[in-house]
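Colleague: Dumping the structure here so I can ask a few things about it.
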Amino acid sequence: MKSTIEVEINKPQQEVARLFADPANNPKWMHDLKRYEPVSGEEGMPGSSYRLIPRKGNMVFLATVVSRNSNELKLNLETSNVHVSVIGKLKALSPAKTKLVSEEVFTFKGLFNRIFGFFAGKSIKSVHRRHIEDFKKFAEKNSAE
C-alpha cells in the first residue's frame with residue numbers, strides 16, 4: 001500500500017530539511033508519538049537507527065536512516081508485522097517556500113497482516129496526512145538553529 005502527501009511549507013528548503021531529518025523533533029509534531037530512543041549511529045545521519053515509541057499501543061517501530069541530504073530523506077521503519085519505506089522529497093519553490101512530498105510504502109508481513117493492511121488503508125493514509133500537516137505547522141512555527 002502506498003500513500004503520498006504533498007504540502008507547501010513557508011520556510012526555506014535548508015531549514016525544512018534540518019527540521020524534518022532530526023529525529024528529536026518527531027515527538028514535537030507526531031501527535032501519536034510519545035518519544036524516540038536513539039539506538040545506534042549519529043542521530044539522524046545515514047546508517048543510524050532509533051525506536052519510535054507510541055503514546056498508545058505497542059507497535060514500536062525501529063527506524064533506520066537510509067539516506068539524507070537537503071533534497072531528500074529516506075527511512076526504513078520496521079516492526080514484526082510491517083515494513084514501511086519512507087521518502088521525504090523537498091523542493092524549493094522560492095527562497096522562503098518549500099514543497100514537501102512524503103511517500104510511505106507499506107509492506108505487510110504474513111497473510112493476516114496483509115488483510116489487516118487492506119482494510120486499514122484509509123485510516124493509515126489519514127494518519128499520514130495528519131502527520132505531514134502537523135509537520136508543516138511545526139516547521140512554520142520553529143527555526144532550525
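Please treat every number below as a calculation from the coordinates, not as lab data. Small disclaimer: the values here were computed from a predicted structure and weren't measured. Here Cβ is always computed from backbone atoms with ideal geometry, including for glycine, and neighbour counts include all displayed protein chains.
Colleague: For a footprinting-style exposure proxy, rank Met30, Met1, Met59 by other Cβ within 10 Å, fewest first.
Modeller: So the residues, fewest neighbours to most, are Met59, Met1, Met30.
Colleague: Taking the Cα centroid of region 1-17 and of region 44-96, what is the distance between the two, rounded to the nearest whole Å?
Modeller: 13
Colleague: Apply the Karplus parameterisation 6.51 cos²θ - 1.76 cosθ + 1.60, with θ equal to phi minus 60°, to every residue of region 15-25 and state each ³J(HN,Hα) to the nearest whole Hz, in sequence, with x for glycine and proline.
Modeller: Couplings: 5, 4, 4, 5, 5, 6, 7, 8, x, 5, 7 Hz.
Colleague: Same structure again: What is the Cα coordinate range of region 29-79 on the first, second and third principal axes, sorted by size from largest, in whole angstrom?
Modeller: Extents along the principal axes, in whole Å: 32, 21, 16.
Colleague: Relative contact order of region 1-125: what whole-number percent is it, with Cα pairs under 8 angstrom and at least 6 residues apart?
Modeller: On the way: 260 pairs, mean separation 33.2, N = 125.
With pairs under 8 Å counted, the relative contact order is 27 percent.
Colleague: Still on this structure, I have one more. How much length, in nm to one decimal, is gained on full extension between Ile53 and Arg35, taken as 0.36 nm per residue of separation minus their Cα-Cα distance?
Modeller: Between Ile53 and Arg35, full extension yields an extra 5.9 nm.
Colleague: As an exercise, use a Förster radius of 35 Å and the Cβ-Cβ distance of Arg129 and Glu42 to find the FRET efficiency, rounded to the nearest 0.05.
Modeller: With a Förster radius of 35 Å, E is 0.70.
Colleague: I would also like to ask the following. Using Cβ counts within 10 Å as a stand-in for footprinting exposure, how do His31, His128, His83 rank, fewest first?
Modeller: Least crowded to most crowded, the residues run His31, His83, His128.
Colleague: Now, a different point. List the residues of region 65-86 whose backbone N lies under 16 Å from a point placed 7 Å from the Cα of Ala120 along the Cα-to-Cβ direction.
Modeller: 77-85
Colleague: Tell me which GluC sites (Glu not before Pro) from region 67-112 have a DSSP coil assignment and no more than 10 other beta carbons within 10 Å of their own.
Modeller: Values: sites: Glu72, Glu78, Glu103, Glu104; in loops: none.
In loop regions of region 67-112 (DSSP not H, G, I, E or B), there are no sparsely surrounded GluC sites (Glu not before Pro).
Colleague: Counting each DSSP H run of 4 or more residues in the chain as -39500 (n - 2.57), what helix-only mean residue ellipticity at 222 nm follows after dividing by all residues, to the nearest 500 deg cm²/dmol?
Modeller: Computed mean residue ellipticity for the chain: -10000 deg cm²/dmol.
Colleague: Projecting each Cα onto the charge dipole of the chain (Lys/Arg +1, Asp/Glu -1 at the beta carbon, about the Cα centre), which of Gln13, Gly44, Met59 comes out farthest on the positive side?
Modeller: Comparing the listed Cα positions along the dipole, Met59 ranks first.
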